[in-house]
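Encoded as structure tokens, the structure appears first; notes follow it.
The values are calculated or read from the model by the stated rules, or taken from the named source; none is laboratory data. For clarity, every value in this text was computed on a predicted model and none was experimentally measured. So basically every Cβ, Gly included, is an ideal-geometry build from the backbone, and we count neighbours across all protein chains shown.
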Amino acid sequence: MASVVVESKPGTKPNLEVFSTTLQELAASDRDIIVVTSDSRGSGKLVPFGKKFPGQIVEIGIAEQNLVGVAAGLASAGKKTFAVSPACFLTARALEQIKNDVAYSDNPVKLIGISAGVSYGALGSTHHSLHDFAALRAINNLIVAAPADNFETEEAIKQAAVISQPIYLRFGKKNMPLLTTDPGNIFRFGKGRVITKGADLAFIATGETVQPALEAAAALHSGHGVEATVISMHTIKPLDTTLLREIAAETAAIITVEEHSVYGGLGEACASYLLQYGYAKPFRIVGIPDEYTVTGSQNEIFDHYGISGEGLTTTALDLLGK
Amino acid sequence: MTDKELARKSIHYRQNILKYIVKAGAGHTGGSLSCIDILNILYNYSLNVSPENFRSPLRDRYIQSKGHCVEALFVVLADRGFFPESDLNTLCRYKSPYIGHPTRKVNGVEQNTGALGHGLPIAVGTALAAKMDQKAYRVFTLMGDGELPEGSNWEAALTAAHYKLDNLCAIIDKNSLQITGPTADVCNTDPIDEKFNSFGWAVTHVDGHDLTALQTTFDRLPFEKGKPSLVIAHTTKGKGISFMENVLSWHHGVPNQEQYAQALKELGEAVI
């Protein structure tokens, strides 16, 4: 099947901004929509929300454990609670509150990890979240997802608002072009989105790494005659194993891509499922290796570790022996 | 309920705490005995909560932060009719919902607790929701003095005062002993009252085994309009059983048959 080249549309918004505007739309007609922040309304693009809905934002101050505990209490009393904090702090400092007060107690908090992955770039590893998928995947009763573009973000927020299960969403800061304009390509948690189709190779990517996967697919098509499938596997848990089986049957090799440690994230989740399913074709996990992370901007870190159109093209050709 | 009936409840609850801990072969004996009089007054006098209104958004909430003393909570919930007391025969058994810490699998339990320092932040969020919705329910949480070093407590204490949560009441079961030794030796948190006062709370001391004083104390809530309330309940770990009182090994000690018989004898003699 021919690969579809998706045009890049620079100027589309950061997912974080879409998160904020979507939440404002919801809050306008639903007083139970509550945002809880830890001195993070600025970085969460929530200043306008706070001005428009001062009665629906709870400022906790810099205290992430308390942020999550309070959010659990609010959710238990019927509030549609979005707990918003940088992903690095939310999912490490407050991990026990996420595990016990949200997931185990089944309080349907919407945990929003902002500036996730290496979005904070040169601020360094204290501000990076390369562990969140791994840590949260091991916690029962928690949806874990990383929307890739503005469309997925808007849908994820709208669906999260009414979902009765605890959920973790992570967002980055850079402008994210739409992956596709096909109105039939809907978003549902737990269902990966097929963006392009090709039989030679599949990129299974998540969050802000779907875009470089698409760029690689375009380069492989135009420069090397390699046709690649690109999947936006926005939901890390529950993983869309139905789609994984289809991809395993239809393509000759798989590369997973994520803005996360290569340990415990999307790649290992796919590998674990596929191995037990009997998959025995070429497979590669691309992410941040287990080392002292290189310093630089998000783009520079991506480039350094091959999470780029060029890097993924090279990895694909290597995996295919071309 | 008369004072005499409440006093008999406390004895009955102590008998049942021991009965089911012996049966399970596990439990937090000393702490359950130190907090049981507080739970007696909460569930039989102060709280607007019952099996009938447990799904009502207007019920009072009780969140047991010191989750390890679940046996005290279970015997009171059973007595109040949230579930048949015979269910407690399965305490800590395979596939039983009655495990060593509270979970919402058990009717009447508000939150899954067990890790310390979690009850107060959840209680703060629940009390905040009541304020937002202008609902009149109150939120109570019971903490151990040994869990006070958890930083999340102090984070939540700040938030409670910041949002003027006078519908929130935290109770500290100050039995002054924790698993390693005297709380004052492990990590001294005294003076607790001055600390919470400085955080913006209204604080009261009470004898945590004086049923009348506990009623009077809870009747005064909120202690000050616009401030969260803290009750420092001075208690004795192992209260009511002479050989358990203030003896560290009864933190999670399980009585043997001889000790159990002796304990029941003492409780029997205490019946009014």
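Within the group B:Tyr94, B:Tyr98, which residue is over 25 Å from B:Tyr137 (Cβ atoms), in contact with a Leu (Cβ under 6 Å, 6 or more places away or on another chain) and assigned to a loop (DSSP other than H, G, I, E, B)? Matching residue, one of B:Tyr94, B:Tyr98: B:Tyr98.
Yes or no, residue by residue, for (1) closer than 19 Å to B:Tyr163 by Cβ; (2) touching a Lys or Arg at 6+ places or on another chain (Cβ under 6 Å); (3) buried (at least 24 other Cβ atoms within 10 Å of the Cβ):
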| residue | (1), (2), (3) |
| --- | --- |
| A:Thr22 | no, no, no |
| A:Leu46 | yes, no, yes |
| A:Phe53 | yes, no, no |
| A:Ile62 | yes, no, no |
| A:Asn66 | yes, no, yes |
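Every test in (1) under 15 Å from B:Gly144 (Cα atoms); (2) without any contact (Cβ under 8 Å) to a residue 24 or more places away in the chain is passed by B:Ser198 save one, and that test is (1).
Only one entry of B:Val109, B:Val76 meets the criterion of being closer than 23 Å to B:Lys4 by Cα, among the β-branched types (Val, Ile, Thr) and in contact (Cβ under 8 Å) with a residue 24 or more places away in the chain, and that entry is B:Val76.
Can you pull out the residues in segment A:258-308 that are acidic (Asp, Glu) and not in a loop (DSSP other than H, G, I, E, B)?
Looking only at segment A:258-308, we keep the residues that are acidic (Asp, Glu), and these are A:258-259, A:268, A:290-291, A:300, A:303.
Selection gives A:Glu258, A:Glu259, A:Glu268, A:Glu300, A:Asp303.
For segment A:255-271, the count of residues that are hydroxyl-bearing (Ser, Thr, Tyr) and surrounded by fewer than 16 Cβ atoms within 10 Å (Cβ to Cβ) is zero.
Take B:Leu73 and tell me if it is buried (at least 22 other Cβ atoms within 10 Å of the Cβ), at the interface with another protein chain (Cβ under 10 Å from one of its Cβ atoms), at pLDDT 95 or above and outside any loop (DSSP other than H, G, I, E, B). It is false that B:Leu73 is buried (at least 22 other Cβ atoms within 10 Å of the Cβ), at the interface with another protein chain (Cβ under 10 Å from one of its Cβ atoms), at pLDDT 95 or above and outside any loop (DSSP other than H, G, I, E, B). Here is the figure for segment A:240-254: residues that are surrounded by 20 or more Cβ atoms within 10 Å (Cβ to Cβ) and more than 12 Å from A:Phe203 (Cα to Cα) total 1. Of the listed requirements (1) within 17 Å of the chain's Cα centre (by Cα); (2) within 14 Å of chain A (Cβ to nearest Cβ); (3) in a loop (DSSP other than H, G, I, E, B), B:Asn48 misses just one: (2). If the condition is being part of a loop (DSSP other than H, G, I, E, B) and either among the polar types (S, T, N, Q) or touching a residue at least 24 places away in the same chain (Cβ under 8 Å) (or both), then segment A:181-206 contributes A:Thr181, A:Asn185, A:Ile186, A:Phe187, A:Phe189, A:Gly190, A:Gly192, A:Lys197, A:Gly198, A:Ala199, A:Asp200, A:Thr206.
For the condition within 8 Å of chain A (Cβ to nearest Cβ) and in contact (Cβ under 8 Å) with a residue 24 or more places away in the chain, what is the one hit in B:Ala160, B:Ala170, B:Ala129, B:Ala115? Working first, answer last.
Values: B:Ala160 fails: within 8 Å of chain A (Cβ to nearest Cβ); B:Ala170 fails: within 8 Å of chain A (Cβ to nearest Cβ); B:Ala129 fails: in contact (Cβ under 8 Å) with a residue 24 or more places away in the chain.
Residue meeting the stated conditions: B:Ala115.
Could we say that A:Leu95 is under 25 Å from A:Gly121 (Cα atoms), aliphatic (A, V, I, L, M), touching a Ser or Thr at 6+ places or on another chain (Cβ under 8 Å) and more than 7 Å from every other protein chain (Cβ to nearest Cβ) here? Criteria not met by A:Leu95.
Out of all the residues in segment A:43-64, which are more than 14 Å from chain B (Cβ to nearest Cβ) and touching a residue at least 24 places away in the same chain (Cβ under 8 Å)?
Filtering segment A:43-64 for residues more than 14 Å from chain B (Cβ to nearest Cβ) gives A:43-52.
Matches in segment A:43-64: A:Ser43, A:Gly44, A:Lys45, A:Leu46, A:Pro48, A:Phe49, A:Lys52.
Checked against (1) surrounded by fewer than 24 Cβ atoms within 10 Å (Cβ to Cβ); (2) under 27 Å from B:Ala78 (Cα atoms); (3) within 14 Å of chain A (Cβ to nearest Cβ), B:Ala213 meets all criteria but (3).
For A:Cys270, the criteria (1) closer than 21 Å to A:Leu317 by Cα; (2) out of contact with any Leu (no Cβ under 7 Å at 6 or more places or on another chain); (3) of a type outside the set (Lys, Arg) hold in every case but one, which is (2).
The one condition from (1) under 17 Å from A:Gly73 (Cβ atoms); (2) surrounded by 19 or more Cβ atoms within 10 Å (Cβ to Cβ) that B:Lys164 does not meet is (2). When the helices (runs of 4 or more DSSP H) confined to segment B:121-236 are screened for residues that are modelled with pLDDT under 95 and under 25 Å from B:Gly30 (Cα atoms), none reaches at least 3 such residues.
May I ask you to verify whether B:Ile179 is in contact with a Phe, Trp or Tyr (Cβ under 9 Å, 6 or more places away or on another chain) and away from chain A (no Cβ under 14 Å)?
Values: in contact with a Phe, Trp or Tyr (Cβ under 9 Å, 6 or more places away or on another chain): no; away from chain A (no Cβ under 14 Å): yes.
Criteria not met by B:Ile179.
The residue list A:Ala72, A:Ala83 contains one member that is within 11 Å of chain B (Cβ to nearest Cβ), buried (at least 24 other Cβ atoms within 10 Å of the Cβ) and more than 21 Å from B:Tyr62 (Cα to Cα), which is A:Ala83.
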